[in-house]
There are 2 protein chains.
Amino acid sequence: MYDRIKGFRDFYPEEMGARRETIDTLEGTARRYGFREIGTPALERAEIWTDKSGDDIVEELYAFEDQGGRHVTMVPELTPTVARLVVAKQQALSKPIKWFSTRPFWRYEQVQQGRQREFYQTNVDIFGSSEPEADAEILAWAADALTSLGLTGEHFDFRISHRDILGGLFEEYAAETAGDAADDIDVEAGIRAVDKSEKVDRAEYLRLLENAGLTGDQAEEFASLIERNDLDAVLAHTDAERVTEAVSNLQNVLAAAEDFGAREYCTVSLDTARGLDYYTGVVFECFDSTGEVSRSIFGGGRYDDLIESYGGQPTPAVGVAPGYATLSLLCQRAGVWPDEELATEYYVLQVGDTRPTASRITRELRAAGHVVESDVAGRSFGAQMNYADSINAETVVIVGEQDLANDEVTIKDMGSGDQVTAPVDDFPGERERPSIDDFE
Amino acid sequence: MYDRIKGFRDFYPEEMGARRETIDTLEGTARRYGFREIGTPALERAEIWTDKSGDDIVEELYAFEDQGGRHVTMVPELTPTVARLVVAKQQALSKPIKWFSTRPFWRYEQVQQGRQREFYQTNVDIFGSSEPEADAEILAWAADALTSLGLTGEHFDFRISHRDILGGLFEEYAAETAGDAADDIDVEAGIRAVDKSEKVDRAEYLRLLENAGLTGDQAEEFASLIERNDLDAVLAHTDAERVTEAVSNLQNVLAAAEDFGAREYCTVSLDTARGLDYYTGVVFECFDSTGEVSRSIFGGGRYDDLIESYGGQPTPAVGVAPGYATLSLLCQRAGVWPDEELATEYYVLQVGDTRPTASRITRELRAAGHVVESDVAGRSFGAQMNYADSINAETVVIVGEQDLANDEVTIKDMGSGDQVTAPVDDFPGERERPSIDDFE
């Protein structure tokens, strides 16, 4: 027997059931917000990623040449595909466009806990609105989805910031710096330094800031300001327009989030930068409040330039993409991960030549919406009872030749072990969910 | 803007909604039968397919070498993966194993109507039972799923046979034939000839049978017998054990299908062979009864040797795998394809600075389970009304500054255009689905 490929997981029914329940909760919440499902392909042209230089994703692509000579890749992220869909029907689509989808993505990464090479995300995005309400609706959806899973503010925290606060502060340092040295300030390197600040010690963090072009004093001042996580302190430090506008936008998003019920889950966190360079406005990351799951659970934010960079019309956009590998770690840690158990309402057990009646009962119980199994393997009474137990059947309906001679069936409650007889012609009857209580 | 890859489709919300409804119906039916969902990877080792010779699938693989030097392929069919899952937990799994999953597969084929290179199927299989009830349960699930979509016996037909009827008849011709000529009878070629009989004229069909080793008289006799689709005629023709056992098994499956409610959709059709060579017992194909969709909608059957051929323990198996490309053609032809329209219960329209109240109403309506949108783009009254119309909002709740001054909101029914005012503090209140009727 061959083996499975590293980083690609199998899901057996018990675990898949818990996973499906989680996905259904996120998707159901998205539907109630008016996000609409789209379906997208597994493959896109590899050039979409390889034509852009400097992107880490290129190193991680499952790219190859197909039998028609096309350079293709298994899709590592949804945005370019969504950009294509938006552009193809730009005129026909009502704005804002609110889309979601749950699907796998593939990246050749180091496999570790919470990170596989095949991973599922639910992408939720709004295209065509630059208003703070759009950012806040994304936050509200994420908070609503997590609380619908049973999580509370005790369990998770959205650390939120705005990319232009960091960007604007760096710009200002560049403006302060005389002559050629100004050109040495590398804003993106600075943002990456902040992004790493929690993972390195303070000396290393300051060194990274200096590498990005700040002087030692500037680095110290900047680090201290960011650590305070205080928007008023930022406004007191500078009146640079880019920074003040960013602070104002972030405050507006938080005010809308208050109306939308999500403010209580948000903490201003100025070192939240998101590693990816494409974010342009508000950014946020969801963390385990206890820190027990140390990695970010998921993140999101505003990316107003990205659709255009893939050849689309300029289209403001904001979104979030929870992945199930890390989300399940959080849910398990918080004790709200669904039970990994099969659930079965009825097992209809056949003894002797009773298939016509057992089948009639099975069909009627299924038509009422229940999960019902019956024998398809010619098993004995004992083997059927063991099987019913293995699938956690709540009620077993025993259809035996002897009972049938008396126009009866036996109803057994598997929890208590109690059983009663019921008239076969009156079972299940019009009852929504017949149990032994109906016949005692 | 780059283009999408040939044979890979995008699904926008309207079409995706209809598709999702269809998938949900098939999966919901499978759940009620006690089939359990599994999750499986997009990639497997290419050797699984390339080590077997003579399989058409090899020509159609999206295979490549990954960055770790593994020869991998995007999965073209589910069985090898399922075999791996069964074998890995052979001891722990209760038999019979009843699994389903909906996922994409990939084959580099000629693109045509109802056939893309990326295609979705719902695989439904039973492992570990060789009893006719297992075959019948697969038929019953398929019939139940199709009728749950709104299809009836007027729309579809399961053409059913047993592979050993053809195989046994060919074997008998070989036994009748003296000497070396017997070795020239190629059973698989004969079955492939039958499989093609509907696509070629009779002379060509007879020629294919002769190529498979039959004499002219034998070919004529065989073709006439198969055309009658009459199991009694087959039994009158031969008492070869392989054939009589196959007929008996098919009759037992049909008798079980009668009890399970699926017999009425089945027609004995001896030329149904299924192209794939791995079937070992009952085989069936679903066709459009009117023939308007000329291709088989989907097929299934028993494949008792396949799990073992992939390195597993000998495990009897029977299954079916409806694909959505052809199924949607049938549903459209029959007029039961779901409306490709967005559905929205409420749009909460903001006029002026009313966000706190509009948000409160939006949240309460969503908490009651409704699909509700509100403004996230700072739009005018008219633009919001147009948007509400574009998403087919049934009811618009207008939250205006002037109304709010009177502690009222306006409820507008988008179907009739009628509108009424409602007390803001009493909206939505405890009502399950408030409408203008509640306030007239």
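The values are calculated or read from the model by the stated rules, or taken from the named source; none is laboratory data. Worth saying up front: this structure is predicted, and the values here are computed from it rather than measured. Heads up, the Cβs are rebuilt from the backbone with ideal geometry, glycines too, and the neighbour counts pull from every protein chain shown. Remember, those area values only see protein heavy atoms, side chains included, never the ligands or the DNA or RNA. Shrake-Rupley method; radii C 1.70, N 1.55, O 1.52, S 1.80 Å.
Only bridges whose two residues both fall in the range B:1-126 count here: according to DSSP, what percent of them are antiparallel, nearest 5?
So the antiparallel bridges amount to about 90 percent of the total.
Carbon-plus-sulfur fraction of the accessible area of the range B:344-439, 1.4 Å probe, in percent?
Reported share for carbon and sulfur atoms: 40 percent.
In the range A:119-168, which residues become less accessible by 50 Å² or more once every protein chain is in place, relative to the chain on its own, using a 1.4 Å probe?
When all protein chains are present, A:E133 each give up 50 Å² or more of accessible surface.
What whole-number value in Å² describes the accessible area per residue of the range A:344-439 for a 1.4 Å probe?
The answer is 45 Å² per residue.
Ranked from highest to lowest mean number of other Cβ atoms within 10 Å per residue, what is the order of the peptides B:81-88, A:88-95, B:370-377?
Ranking, from highest mean packing down: B:370-377, B:81-88, A:88-95.
Please check which bits of the range A:294-328 a label hung off A:S248 would reach, taking the label as a point 7 Å along Cα-to-C-beta and the cut-off as backbone N under 11 Å.
None, by backbone N distance to the label point.
How large is log10 I(q)/I(0) at q = 0.13, 0.14, 0.15, 0.18 Å⁻¹ when the Debye formula is applied to the Cα atoms of the range B:344-439, each weighted equally and without solvent?
These q points yield log10 I(q)/I(0) values of -0.36, -0.42, -0.49, -0.73.
At q = 0.14, 0.19, 0.25, 0.34 Å⁻¹, what log₁₀ I(q)/I(0) does the range B:49-89 have when each alpha carbon counts as one equal point scatterer in the Debye sum?
Debye output, listed in q order: -0.38, -0.68, -0.97, -1.10.
Using amide H atoms built 1.01 Å from N in the peptide plane, name the residues 5+ places from B:F298, or on other chains, whose amide H lies under 5 Å from its own.
Amide H neighbours of B:F298, under 5 Å, 5+ apart: B:C286.
Among the lysines, select those whose C-alpha is under 24 Å from the C-alpha of B:K89, and discard any that sit fewer than 8 residues away in the same chain.
A:K6, B:K98
If I model a spin label at B:D438 and A:E188 as a point 7 Å from the Cα along the Cα→Cβ vector, what separation in nanometres do I get?
Simple spin-label model gives 5.3 nm for this pair.
Given a 1.4 Å probe, show me the residues in the range A:343-366 buried by at least 20 Å² of accessible surface when comparing the whole protein assembly to the chain alone.
The answer is A:R355, A:P356, A:S359, A:R363, A:R366 - residues whose exposure falls by at least 20 Å² when every protein chain is included.
Mind jotting down a quarter of the surface of the convex hull over the alpha carbons of chain A, in square nanometres, one decimal?
Mean orientational projected area (chain A, Cα hull): 28.9 nm².
Using only protein heavy atoms and a 1.4 Å probe, how much accessible area in total is buried between B and A, to the nearest 100 Å²?
Roughly 8100 Å² of accessible surface disappears when B and A pair.
Using Stokes-Einstein with the Kirkwood hydrodynamic radius over Cα pairs, what translational diffusion coefficient do you get for the range A:243-288 at 10 °C and a viscosity of 1.306 mPa s, in µm²/s rounded to a whole number?
My calculation gives 137 µm²/s for D.
Over the range B:170-315, with the other protein chains present, what is the accessible area per residue in square angstrom, probe 1.4 angstrom?
46
In the protein assembly as shown, what percentage of the DSSP-assigned beta bridges are antiparallel, given to the nearest 5?
The answer is about 75 percent antiparallel.
How large is ³J(HN,Hα) for each residue in the range A:70-84, as worked out from phi by the Karplus curve 6.51 cos²θ - 1.76 cosθ + 1.60 (θ = phi - 60°), to whole Hz, x for Gly and Pro?
7, 7, 10, 9, 5, 5, x, 6, 8, 3, x, 5, 5, 4, 4
Just give the residues from the range A:281-328 buried by at least 30 square angstrom of accessible area in the all-chains context relative to the isolated chain, probe 1.4 Å, and say none if nothing qualifies.
Hits at the 30 Å² cut-off: A:Y310.
Full-extension gain between A:Q313 and A:D56, please, as 0.36 nm times their residue separation minus the C-alpha to C-alpha distance.
90.0 nm
Note the full-extension length gain between A:A255 and A:Y278 as 0.36 nm times their separation in residues minus their Cα-Cα distance, in nm to one decimal.
Full extension of this stretch gives 5.8 nm more.
Could you tally the net charge around A:V348, taking each other residue with its Cβ under 14 Å from the Cβ of A:V348, Lys/Arg +1 and Asp/Glu -1?
Net charge in that neighbourhood comes out at -2.
Please identify the trypsin sites (Lys or Arg not before Pro) of the range B:295-396 that satisfy two criteria: DSSP loop assignment and at most 16 other Cβ atoms within 10 Å. Which are they?
Hits after loop and neighbour filter: B:R295.
If you line up the long axis of helix B:241-260 against the longest principal axis of chain B, both from Cα atoms, how many degrees apart are they, to the nearest 10?
Roughly 20 degrees, rounded to the nearest 10.
Debye calculation, C-alpha points only, no solvent: report log10 I(q)/I(0) for the protein assembly as shown at q = 0.06, 0.07, 0.08, 0.10 Å⁻¹, in the same order as the q values.
-0.50, -0.67, -0.85, -1.21
When you look at the Cβ of every residue in B:40-49, what mean number of other chain Cβ atoms sits within 10 Å?
So the per-residue partner count for this stretch is 5.
With r as the distance between the Cβ atoms of B:A233 and A:A405 and R0 = 45 Å, compute the FRET efficiency 1/(1 + (r/R0)^6) and round to 0.05.
0.70
Using only the alpha carbons, work out the radius of gyration and Dmax of the range A:59-128 in angstrom.
15.0, 44
Evaluated at 37 °C with a viscosity of 0.692 mPa s, what Stokes-Einstein diffusion coefficient in µm²/s does the range A:270-368 have when Rh comes from the Kirkwood expression over alpha-carbon pairs?
Taking Rh from Cα pairs, D becomes 179 µm²/s.
Could you identify which residue out of A:A18, A:A212, A:A405 has the top mean-square fluctuation in a GNM of chain A using Cα springs shorter than 10 Å?
With Cα springs under 10 Å in chain A, the top fluctuation among A:A18, A:A212, A:A405 is at A:A405.
Distances longer than 15 Å among the Cα atoms of the range A:182-224: what percent of all pairs is that?
The proportion of pairs with Cα distances above 15 Å equals 28 percent.
Could you compute the FRET efficiency for A:D3 and A:S390, with r as their C-beta to C-beta distance and R0 at 30 Å, rounded to 0.05?
So, using R0 = 30 Å, E works out to roughly 0.65.
Taking every DSSP beta bridge that has both residues in chain A, what percent is antiparallel when rounded to the nearest 5?
For chain A, the DSSP antiparallel bridge percentage is about 75.
Select the chain A residue whose beta carbon lies nearest to the rotation axis carrying chain A onto chain B, and write the distance in whole Å.
Whole-Å result, nearest residue of chain A to the axis: A:F64, 2.
As an exercise, use a Förster radius of 30 Å and the Cβ-Cβ distance of A:L342 and B:E14 to find the FRET efficiency, rounded to the nearest 0.05.
Working from the Cβ atoms, E equals 0.25.
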